[in-house]
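The values are calculated or read from the model by the stated rules, or taken from the named source; none is laboratory data. It should be emphasised that the depicted structure is a prediction, and the values quoted were computed from it without experimental measurement. Reconstructed Cβ throughout: ideal geometry from the backbone, glycine too, with neighbour counts over all protein chains shown.
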């Protein structure tokens, strides 16, 4: 699991630095959360947002609870770039404080 782009990493750094988080910390939190028995919390959503709906059919997201300063959790958005059943490849594209 890696970040899709440097641009995504910079955006996340700007959004989360006030919470003491950086893109690598988000990546570690995501991996720990999913591999600690929470894979069923990852949600598939139909991509309907411009301009991405012309690039992909779905995106995936999860809200990680228990992040300091984020009472509703940390929202993490991912895309699937390789659907291999044994070793799918996921890229992180966004992360921010969950708003609702």
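Summary of computed values
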item	result
2 or more residues within 11 Å of the chain's Cα centre (by Cα) and touching a residue at least 24 places away in the same chain (Cβ under 8 Å): qualifying strands (runs of 3 or more DSSP E) within the chain	58-64, 74-82, 89-97
In region 32-57, the residues that are closer than 19 Å to residue 5 by Cβ and either surrounded by 10 or more Cβ atoms within 10 Å (Cβ to Cβ) or modelled with pLDDT of 95 or more (or both)	47, 52, 53, 56
